[in-house]
Structure formats: C-alpha cells, structure tokens
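Notes follow the structure.
The values are calculated or read from the model by the stated rules, or taken from the named source; none is laboratory data. These numbers were taken from a predicted model, which means no experiment stands behind them. Methodologically, a virtual Cβ is constructed for each residue, glycine included, from the backbone with ideal geometry; neighbour enumeration extends over all protein chains shown. For accessibility, only protein heavy atoms count, side chains too; no ligands or nucleic acids. Shrake-Rupley method; radii C 1.70, N 1.55, O 1.52, S 1.80 Å.
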Amino acid sequence: MTNNICCVGAGYVGGPTMAVIADFCPDKLVTVVDINEERIKAWNDSDLRNLPVFEPGLEDIIRRVRNRNLFFSVDVKKGIEQADIIFISVNTPIKEKGIGAGQTSDLRWVESCARQIKTYSKGHTIVVEKSTLPVKTAQTIKSILDGVVKDINNFGSKKTFSVLSNPEFLAEGTAIKDLECPDRVLIGGDDNDAINCLVGIYSKWINKEKVLTTDLWSSELSKLISNAFLAQRISSINTISALCEATGAKIKDVSLAVGMDRRIGKYFLNSGPGFGGSCFKKDISNLVYISNHYGLFEVAEYWQKVLDINSWQQSRFVELIVKTMFSTISSKTIAILGFSFKANTNDTRESPAIYICKKLIEEGAFLKIYDPKVKCSQIKKDLSSDNKTVEEEKWLYSDSIYETFNNADAALFLTEWDEFESLNWEEISKKMRRPSWVFDTRSIVNMEDVKKSGINIWQVGYGN
Ligand SMILES: NC(=O)c1ccc[n+]([C@@H]2O[C@H](COP(=O)([O-])OP(=O)(O)OC[C@H]3O[C@@H](n4cnc5c(N)ncnc54)[C@H](O)[C@@H]3O)[C@@H](O)[C@H]2O)c1
C-alpha cells in the first residue's frame, strides 16, 4: 500500500493536483517539493491570497489540508526519500537553443528530476509522469532509473522503479473542478501492480469507469492530441471570426448554430485573440516535430497551420487597431483590459496580451494595463525581451479598473474576466478622449451600451 506521496514541482499542475489528492485521501501524506524557494514560501503563506497559483476553490482546499496531510517544502531530498510514489510535475517548456529549438520540449528539468529520484529514493518507488512529455519520454526516464543502484538504506539491495504515465488534463481557471470531476483519468504503463496502486488513489473520488489504462506511449500521445484538438477548434473558429467580419455575419450566432450539432459540440467555439497558456503551443510544436521526425510531412504541415492561424489572429488585431485609429497610434493611450491568457487564472505564459502589447508599444502607443489577478511584476517580466526591458514610461500598471480608462483613446479587451461584462459605459465615456474606441477581442462587452455612450466599438467576429 502507498502511504507517502511526493510531487516534484509546485506549479500550476503540482500544487492544485496534490491539494485535491490530499483532500480526498486523508490517509496519505502528500509532500510537494520544489527548487524554487519563493514559490514554496508563497504556498506556505498564511495569507491565502498570496498563493502562487490563483484558481477558484483552491484557497478553501489549502485551508483544509495544508499542514494536515499536505506539505510544501524545498527539501527535495527528504520528499523523495520518504515517498513510495513520486509524481514528476516539472516544467517542460519549448527548447530555446540547439537541435529542435522552438519545436520540441526542453527535457532538462525532467531529466534532473529523474536523476534526483534515482539518487535519493529508497526501496521500490512508483514514478509517475504528470508533466506533458513528448512521446517515448517515459523510456528516457526508465533508462535513467534503470542503471543498477544500491540502496544503502535497505541493506545494500537494489533500488527498483515502476514508471507510469498519468498526464494531467486540467484546464487553468477550472482546475479544481476538473480535478474533482474529470472527464477521464489516463494511466499508461506495463506494471499492473503500479497501475492498480495509482487507480486506488484516484478511485477514492473518481468512478473506476472513468479511469483508462493504456501502454505508456499511447498515454503520452493522447495528451498531446487532446491539446492539439482543443487548439485546433480555437484556430478554426478564429478563421471564421475573420470571415464573419468580412461578410457581416455574427460569430456568436454561427458558433451557437454549429455547436448545437451534437457531432460537433458547443465547447471551445468562442473566437478571441488566440490560445495562450503554457501547453497548446508547446504540445502542437511537439506534434509537428515528431511528425516530421517520422517523415509524416503532411501531418506536420496540417498541425503547423493551427499555430500559424493563432499568430495571424493576433497580428491582424494589431493591424486593425492601428488602421482604425487613423493609421497611427503614436502617442495615443490605450487601456488594456486583461493580461492573463484566459479568465480565472493569474497565468500569463504565452498570453496573446504579451505579443499584442509589445506590438502596440512598438507602434508608439502608451498602455495602461489592468488585470484583476496578474501582478505588475509579472507584466514587467513579460514585456521585457532579449534582456532589454521595455521602458516603463511606455506602459503603466493600473489597479483600479475605472481609472484605467482615464484619458484613453481606446480600450482593448484581451481577457474574458466576468467583471468586464457589466461596466458602466456612461461613466467610462466621460473619462476617455474623443473620438474613442473599444476593441473587444473576446466579444464580452455590451455592444449596445458602448454605442449609446458615444464610443465606437469593434468586436471580434462582427462585421459592420
Ligand atoms: N498548466 C497547465 O494548465 C497544465 C495542464 C496540464 C499539464 N501541464 C503540464 O504539466 C507540467 C507542469 O506544468 P506547470 O504549469 O505546473 O509548470 P510550472 O512551471 O508552473 O511548475 C513547474 C515547477 O517545477 C519546478 N521544478 C523544475 N525542476 C525541478 C526539480 N528538478 N526539482 C524540484 N522542482 C523542480 C519549477 O521550479 C516549477 O516551480 C508541464 O509539463 C505542463 O506541460 C500543464
């Protein structure tokens, strides 16, 4: 029986996932370890508003389980030593340099984690890949762990490992709901005892029918393909948003009509500034890379187009804004509403806001940026590039939504935060400089209210 669980990586996946496991399995001791001291400090902060990850429902669980059977620590060695089962939940970003740069995942964190496990573990350990990894990475982890190592704590006997793939399907913004009530749990592996052990943990709150078991590679590939299909829907609807704008059709009506077909389904049919987050771009890039590797060039080209459309949507918005504002935004003030890549998260990785804001600054605009959950320091990091900081005189952080509109020539909505849906446009119109514009890339603001207040409005997927 497994009693001690360790998770290496206290990020957007490791933190919430382990909190939910600890909540449903009070008999297990769950330790989340990370090399990032600041992050662990934030997870242990007595003021729960300072947790490093914002997710609806997370604070309540942390309040219940932290220091009961969930612990956050920088002591990676001790966490691994104590564990019978270890989840690898470290970052796997796209490689920045060398072979496969810009296309395949940088596995250095996974490899160093596997080496730590090999060094510090005791007896038999189940190692679970939770990170999203390119197909056949489990084999690499196995190879690292397989070398004969003597377990000095176990009278010199050999350390043994079972490697499983258990990709995480949570979506940021709904992570807790997704973890508590997932569509499915996927476990890949070839050691039935280890698989049963992991099934035993999940079955504390998830119906066994929802737990699928496969071989390792099918499990790894399924995660990449799930993300690729989700991203593909976003790119598909975004191409149609442009067509709606050109023809005068309304994107929301089109999405509704199309999505009511059960064969298609209604989810992921909202047009916007393109997908962001740490996963979609990286996972499709990996898919393109492995397809090319196996000589499947048409397959690679097909998925590459999903990425190309995503970038195109963002650049066409920048062009449209500049063109609409009399072909120059130099010295004009633009209020930016929302910086996270989607609502209900403070994550800005690959957020469309980063590209769009940088481009607007390049065109000479001054930005006032408001987001209810993203901190100023994060925006500062995101708007710097190539070690050159974008001078702060070019943008200002705003912590009050209505003040963001003061003297602005335009307001650009980039994230679909609830609070943007019910703004007082009469009040806002008094604050903005005339002529004023709203560019709503999420089609969330009330178009009629904006028009009534005398402000010009453009919404994604709506033609004139
Ligand atoms: N964010 C999501 O929505 C999501 C969803 C499903 C899957 N995933 C996948 O899960 C993985 C983790 O994603 P994330 O968003 O949680 O990443 P993250 O960057 O938020 O967290 C990863 C953490 O791992 C730590 N770490 C790296 N190497 C370490 C080591 N050797 N020892 C201890 N700690 C180490 C880092 O310091 C960091 O805090 C990625 O592979 C990602 O693709 C992410």
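Listed conditions (1) touching a helix residue (DSSP H, G or I) at 6+ places or on another chain (Cβ under 8 Å); (2) open to solvent by 20 Å² or more (accessible area, probe 1.4 Å); (3) farther than 30 Å from Asp191 by Cβ are all met by Asn91, apart from (3). For region 23-82, a residue qualifies if it is open to solvent by 50 Å² or more (accessible area, probe 1.4 Å) and at positive phi, and exactly one does: Asn67.
Taking the criterion of being open to solvent by 10 Å² or more (accessible area, probe 1.4 Å), closer than 25 Å to Leu186 by Cα and without any contact (Cβ under 8 Å) to a residue 24 or more places away in the chain, would at least one residue in region 115-133 satisfy it? Checked against the condition, which is being open to solvent by 10 Å² or more (accessible area, probe 1.4 Å), closer than 25 Å to Leu186 by Cα and without any contact (Cβ under 8 Å) to a residue 24 or more places away in the chain, region 115-133 yields no hits at all. Screening the candidates Phe326, Phe339 for the property of being under 17 Å from the mean Cα position of the chain (by Cα), in a loop (DSSP other than H, G, I, E, B), more than 16 Å from the ligand (Cβ to nearest atom) and modelled with pLDDT of 95 or more yields one hit, Phe339.
Looking at region 412-420, is at least one residue over 24 Å from the mean Cα position of the chain (by Cα) and modelled with pLDDT of 95 or more? For region 412-420, residues over 24 Å from the mean Cα position of the chain (by Cα) and modelled with pLDDT of 95 or more: absent.
I'd like the residue in region 325-352 that is farther than 16 Å from Lys380 by Cα and out of contact with any strand residue (DSSP E or B) (no Cβ under 9 Å at 6 or more places or on another chain) and, out of all such residues, is surrounded by the most Cβ atoms within 10 Å (Cβ to Cβ). Among those that are farther than 16 Å from Lys380 by Cα and out of contact with any strand residue (DSSP E or B) (no Cβ under 9 Å at 6 or more places or on another chain), it is Thr345.
For beta carbons closer than 9 Å, sequence separation of 6+ or different chains, a first residue in region 11-39 that is more than 25 Å from Ser112 (Cα to Cα) and a second that is modelled with pLDDT under 95, the qualifying pairs are Asp27/Asn3; Lys28/Thr2; Lys28/Asn3. Determine whether region 155-169 contains at least one residue that is within 15 Å of the ligand (Cβ to nearest atom) and surrounded by fewer than 20 Cβ atoms within 10 Å (Cβ to Cβ). The answer is yes; a qualifying residue exists.
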